[in-house]
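A quick write-up on the structure given underneath.
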Amino acid sequence: RELLDIANNSSQEMVGMINTLLDISKLEAGQLVLNRAPCSVYDIAERATERLITSARSANIDLRTELPLNLPIIDVDQDKLVRVLQNLLDNAIKFTPLNGAVVLKAAVNEDDLTGPEIAWSVIDTGPGIPEEYRSRIFDKFVQVGQRKGTGLGLAFAKLATEAHGGRIWVESVEGEGSTFTFTT
């Protein structure tokens, strides 16, 4: 069962990488059409975490969600939003040491300019991001450290968030962890 889970996760990662490359190109060209529909924040969070539970457990990382009751239905492209969250969660798991924690949160954020929106946060207990990378972390092919990856996940997250009319940012303290937050 465990080997099948690993094989399934690997094949999903490969398909995700190909889709990310294609979608980044379409987003940059302004040609990606979002399939917006009313969605539950709770369903999105569950879909985003279900694929990563095995990798978190194998690294002895506590992966959890902390969502308040009564979050509103949101009008988003659910598949794109799930991929944004999976990219952020996957990075958090990769950079969090054994026995660490990764938390997915969502809350209503009252923005004076745009009205109420959902603020999503992925919080980790990893090493943090050095200051010199923070301004470039959402650029294509930028990687921090010697971790495996393509350097495309955060670029996709930024472009997909902006396509939804939101914004994304990172707050990090070296030696304490990072928090990636975006709005929809």
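The values are calculated or read from the model by the stated rules, or taken from the named source; none is laboratory data. Bear in mind that the values here come from a model prediction, so they are computed numbers and not experimental data. In this analysis, Cβ positions are derived from the backbone assuming ideal geometry, glycine residues included, and neighbour counts consider all displayed protein chains. Please note that ligands, DNA and RNA were not included when accessible areas were found on the heavy atoms of the full protein model with its side chains. Shrake-Rupley method; radii C 1.70, N 1.55, O 1.52, S 1.80 Å.
Couple of notes before you dig in:
- On inspection, VAL102 passes the criterion of being part of a strand (DSSP E or B), closer than 18 Å to ALA157 by Cβ and within 13 Å of the chain's Cα centre (by Cα).
- Contact map, region 9-34: first residue among the hydroxyl-bearing types (Ser, Thr, Tyr), second residue modelled with pLDDT of 80 or more, Cβ cut-off under 8 Å, separation 6 or more or different chains; pairs are THR20/ARG83; THR20/ASN87; THR20/LEU152; THR20/GLY153; THR20/PHE156.
- Any hit, region 16-30, residues being farther than 18 Å from LEU154 by Cα and assigned to a helix (DSSP H, G or I): no
- Being closer than 23 Å to GLY177 by Cα and either at pLDDT below 95 or of a type in the set (Asp, Glu) (or both) holds for only one residue in THR20, THR96, and it is THR96.
A quick yes/no check of all residues on (1) part of a strand (DSSP E or B); (2) polar (S, T, N, Q); (3) free of Cβ contacts under 8 Å to residues at least 40 places away in the same chain; (4) out of contact with any Ser or Thr (no Cβ under 8 Å at 6 or more places or on another chain):
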{"residue": "TYR42", "(1), (2), (3), (4)": "no, no, yes, yes"}
{"residue": "THR49", "(1), (2), (3), (4)": "no, yes, no, no"}
{"residue": "ALA56", "(1), (2), (3), (4)": "no, no, no, yes"}
{"residue": "LYS80", "(1), (2), (3), (4)": "no, no, no, yes"}
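- Strands (runs of 3 or more DSSP E) (entirely within region 113-184) containing at least 1 residues that are at pLDDT 90 or above, surrounded by fewer than 16 Cβ atoms within 10 Å (Cβ to Cβ) and more than 13 Å from the chain's Cα centre (by Cα): 168-173
- Selection status of LEU88, surrounded by fewer than 19 Cβ atoms within 10 Å (Cβ to Cβ) and either part of a helix (DSSP H, G or I) or out of contact with any strand residue (DSSP E or B) (no Cβ under 8 Å at 6 or more places or on another chain) (or both): no
- Among all residues of region 27-49, there is at least one that is of a type in the set (Lys, Arg), open to solvent by 60 Å² or more (accessible area, probe 1.4 Å) and either more than 17 Å from the chain's Cα centre (by Cα) or closer than 21 Å to PHE180 by Cα (or both).
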